[in-house]
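Asks: Below is the structure I would like to discuss, written out as structure tokens.
The values are calculated or read from the model by the stated rules, or taken from the named source; none is laboratory data. Just so we're clear, the structure is a prediction, and the values are computed from it rather than from any experiment. Note: ideal-geometry Cβ built from the backbone for every residue, glycine included; neighbour counts use all protein chains shown.
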Amino acid sequence: MALYHLTWDLGFLRLTPENLALTPVGRAAAHGIAGSFLVLVGISLVLARPGRSGRWRPYLLRLARIAAAAGAISLATVFLFPNSWIFFGILHCIAVASVLALPALVAPLPLVGLAAALVLAGPHLAALAGSPALLDAPGLLFLGLGATVPTTNDYVPLFPWFGFVLAGVGLGRVALPRLAASAIGTIAPRGRAGRLATAAGRHSLAVYLIHQPVLLGLLYGVAALAGPHPRAGEAQFRREYRANCAEAGGGEAACRVAARCVVERLRAEGLWRAGGGFSAEEQGRAIALSRTCFREAGGG
């Protein structure tokens, strides 16, 4: 998780040529991390088993902490990233799922497995049904059943992600009694590394909340001293240029050559820079360069 956030931060601050966290591999890694987190949420619910021997108080305190942290993240991102603030991220999903999963702690295991499969398949089933426009309403985006993918820095809707929590509950109910009765159940953490890992696991919410501000703070300092990577943004620009070029009727080869040409000439003309602020005259020059590159690439 921390490594993924470090990768995202480096790209966001333009310290790497491309934001690798936003590439297909990076997104797959993010989904894998989120899925594993949510499976562990389900397993932890089995371990804590609210209501057993009057253990509702620890559950409610934990739920309150997670909900408060989720609210704090939403509030902070409204100010930090107003165009992509987090309205239903991983903590929001964990808070809601921790309540919705309670019946799964006592339900028949086949029913839990079926529910997990249906929730995981929910977005695909909704798409097959035509995803009614109502599901794209802003107030229902937390479900994840609509066709709209909102612009937000963290989006973990109930469908399909609640399915991972249900899967974790099922896995925990099946595996934990067997593990507890095996030799694995007697293993205790040893050494400083083991104790540190145990402490991090017990205080995972604090680790989650603290590590990203610390990383961003450190990297902002690096960015201020070193400046952006000289080739930051190039790969994304070329992808977007090729997509726009193809939509305009350009051939794949011509669009690829033209995209490379545009980057080189924008740099040569001093028009390649982050942050915008281009004058009308500079915009006109950039458009002219783009057309020239497209023509020279054989695009027309």
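Asks: If you take the residues of the range 265-285 that are surrounded by fewer than 17 Cβ atoms within 10 Å (Cβ to Cβ), modelled with pLDDT of 80 or more and of a type in the set (A, V, I, L, M, F, W, C), which of them is nearest to Phe237 (Cα to Cα)?
Replies: Here the answer is Leu271.
Asks: In the list Ser84, Ser131, which residue meets the criterion of being closer than 21 Å to Ile73 by Cβ and not basic (Lys, Arg)?
Replies: Ser84
Asks: Pairs, please: C-beta under 9 Å, at least 6 apart or cross-chain, first residue without any contact (Cβ under 8 Å) to a residue 24 or more places away in the chain and in the range 108-120, second surrounded by 13 or more Cβ atoms within 10 Å (Cβ to Cβ) and part of a helix (DSSP H, G or I)?
Replies: Leu111/Ala104
Asks: Separate question: Against the condition exposed (fewer than 14 other Cβ atoms within 10 Å of the Cβ), in the same structural domain as Ala28 (by TED's automatic domain parsing) and either within 17 Å of the chain's Cα centre (by Cα) or farther than 24 Å from Ala70 by Cα (or both), how does Ala129 come out, does it pass?
Replies: Taking the combined requirement at face value, the residue satisfies it.
Listed here are the residues, each with its yes/no results for (1) surrounded by 12 or more Cβ atoms within 10 Å (Cβ to Cβ); (2) in contact with a helix residue (DSSP H, G or I) (Cβ under 6 Å, 6 or more places away or on another chain); (3) of a type outside the set (Ser, Thr, Tyr).
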residue	(1), (2), (3)
Leu179	yes, yes, yes
Arg192	no, no, yes
Thr198	yes, no, no
Tyr208	yes, no, no
His211	yes, yes, yes
Gly217	no, no, yes
Leu225	no, no, yes
Ala232	yes, no, yes
Phe237	yes, no, yes
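Asks: Given the criterion farther than 26 Å from Gly11 by Cβ and either among the hydroxyl-bearing types (Ser, Thr, Tyr) or not assigned by TED's automatic domain parsing to the domain that holds Glu18 (or both), identify the matching residue among Ala258, Ala280, Ala268.
Replies: When all the criteria are applied, what remains is Ala280.
Asks: Right, something else. Quick check: anything in the range 155-174 exposed (fewer than 14 other Cβ atoms within 10 Å of the Cβ) and over 19 Å from Ala101 (Cα atoms)?
Replies: no
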